[in-house]
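The values are calculated or read from the model by the stated rules, or taken from the named source; none is laboratory data. If you're wondering where the values come from, they're calculated on a predicted model, not measured in any experiment. Cβ coordinates were reconstructed from backbone atoms using ideal geometry, including for glycine residues, and neighbour counts include every protein chain displayed.
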Amino acid sequence: MLIVGDFRRKIILFVFLAALWAIMYFVASIISTSAACKNEGVYSRDPANYYMSQKFHFTFQYPKSVIMSGSISYGGEIPFHMDFSDKQNKLNSFIQVWVINSSVSDFLKESLKVSELHYKSFINGGIKLGGTAGIFWDYSVIKQNNEEYLGKEYFVGKNGYMYRLSFFTTEPEWQSESLNNIESIVQSFRFI
């Protein structure tokens, strides 16, 4: 009976240690991914505000009125995401890098097919972003609370990645100076 009790204790101890190791491994991977993403970009405040992604090879300037968050990785198909907004936090914006296995045009066509957004208006056009041909969307959607949101999105593909710059806010906020400041990021976006 003593041997069986000893064996049970060893099994319980083994399971406990294995679970503890798994938790520590998971936490360490989150911390290292987060640290790698936070250290991935280079910020500058003076004289020109800019962000440079060394991993994804792009840079852009941003006005002092823009608040940048740290970059994060969702892993998988979205290895880079960074939020930014105006100081009043009325304009929502982000830059993402997606891993795609098709052309940007085909990817976006498929995305529109499965979208559950209710578009009030939608313009799809061509643009140049960072010297590379891309796609521009200008749209308005009606949300479930019947509030109208206006958005602009810029997409460009390079080296197996799709770069997405997105700006959206409620209709009353759309013509604000903040929107012009945020759009200056698009004008300064460059590949390095």
In the set V156, V186, the lone residue that is out of contact with any Asp or Glu (no Cβ under 9 Å at 6 or more places or on another chain) and within 17 Å of Y62 (Cβ to Cβ) is V186
Of those in the range 75-89 that are touching a strand residue (DSSP E or B) at 6+ places or on another chain (Cβ under 7 Å), farther than 12 Å from Y161 by Cα and surrounded by fewer than 17 Cβ atoms within 10 Å (Cβ to Cβ), the residue modelled with the lowest pLDDT is K87
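Can you report the number of residues in the range 133-175 which are acidic (D, E) and within 25 Å of S53 (Cβ to Cβ)? Outline the logic, then answer.
Of the range 133-175, the ones acidic (D, E) are 138, 147-148, 153, 171, 173.
Remaining after also requiring within 25 Å of S53 (Cβ to Cβ): 153.
Count: 1.
Checking the condition in contact (Cβ under 8 Å) with a residue 40 or more places away in the chain, out of contact with any His (no Cβ under 9 Å at 6 or more places or on another chain), not in a helix (DSSP H, G or I) and not charged (D, E, K, R), which residue from S102, S93, S184, S140 passes?
None of the other options fit; the residue is S93.
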inquiry  = Take the conditions surrounded by 13 or more Cβ atoms within 10 Å (Cβ to Cβ) and charged (D, E, K, R) and apply them to D106. Does it pass?
reply    = no
Of those in the range 109-131 that are of a type in the set (A, V, I, L, M, F, W, C) and touching a helix residue (DSSP H, G or I) at 6+ places or on another chain (Cβ under 9 Å), the residue surrounded by the most Cβ atoms within 10 Å (Cβ to Cβ) is L129
